[in-house]
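The values are calculated or read from the model by the stated rules, or taken from the named source; none is laboratory data. Because the structure is predicted, anything quoted here is derived from the model rather than measured. Cβ atoms come from the backbone with ideal geometry, glycine included; neighbour counts cover every protein chain shown. These area figures cover heavy atoms from the full protein model, side chains too; ligands, DNA and RNA do not enter into them. Shrake-Rupley method; radii C 1.70, N 1.55, O 1.52, S 1.80 Å.
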Amino acid sequence: MTLSDLIKRFYHEVWNAADIDCAREILHPEFDFRGSLGPKRSGPDEFIRYMEEVRAALPDFQCNIVEIVDVGEKAAARMSFVGTHHGKFFGVDGTQQRIEWSGAAFFTLREQKIGSLWVLGDIDSIKRQLNAHPKVAFLDP
């Protein structure tokens, strides 16, 4: 399985279908993750916790792959993200508003699993759509 195949499973099955078993299958036990929403996490279980935190605010959150550039053990994906704002997100209580933003994800392969992921997302776009304070973080009270 190529890194591109793993990336497609990561977004379609793990994120979009919230498949925790798939996450544990395709993420390396020492998976290193830094999401665009801020926190750095290690291991599949910490990533799953992050995913649950995002889904608490955006229960229908979806990740759409625009493009993947795969060079073997490293790959980048251009992404678009969308979800309906139901729970507290960037300090703003649920507005029922559909929000969307763009991002880029950088992956490495480790022992035929996703070894690391670093995501950069247009957080300012999220804050503008929600009228959030510019300095508030993802999990601020």
For this session: List, in the order given, every pair from K8/K135; K8/K88; K88/K113; K40/K88 whose Cα-Cα distance in the structure shown is over 31 Å.
Result: K8/K135; K88/K113
For this session: Return the inverse of the average 1/r over all pairs of distinct C-alpha atoms in the stretch 52-92, which is the Kirkwood hydrodynamic radius, in Å to one decimal.
Result: 11.8
For this session: Restricting to the chain, compute how many DSSP beta bridges are antiparallel as a %, nearest 5.
Result: 90
Seminar exercise, completed: Measuring from the longest principal axis of the C-alpha atoms of the chain, the long axis of helix 44-57 (C-alpha) lies at a number of degrees, nearest 10, equal to 30
Exercise. Where the accessible area of the stretch 74-141 is counted over protein heavy atoms with a 1.4 Å probe, how much of it, in %, is carbon and sulfur?
Worked result: 51
Exercise. Hey, what number do you get for the chain at 222 nm if only DSSP H runs of n ≥ 4 count, each worth -39500 (n - 2.57), divided across all residues, to the nearest 500?
Worked result: -7000 deg cm²/dmol
Problem set entry | Average Cα contact separation per residue, the chain, under 8 Å, 6 or more apart, as relative contact order % | 25
Problem set entry | Ratio of the Cα radius of gyration of the stretch 16-60 to 2.2 N^0.38 Å, where N counts its residues | 1.10
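Using a simple charge model, +1 on the beta-carbon of Lys and Arg, -1 on the beta-carbon of Asp and Glu, nothing else, what dipole does the chain show about its Cα centre, in debye to the nearest 20?
Here the size comes out at about 380 debye.
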Exercise. How many Å² of accessible area per residue for the stretch 5-69, probe 1.4 Å?
Worked result: 44
Exercise. Share of the stretch 10-51's accessible area from carbon and sulfur, percent, 1.4 Å?
Worked result: 47
Exercise. What net charge is computed for the residues neighbouring F31, neighbours being all others with C-beta under 13 Å from the C-beta of F31, Lys and Arg scored +1, Asp and Glu -1?
Worked result: +1
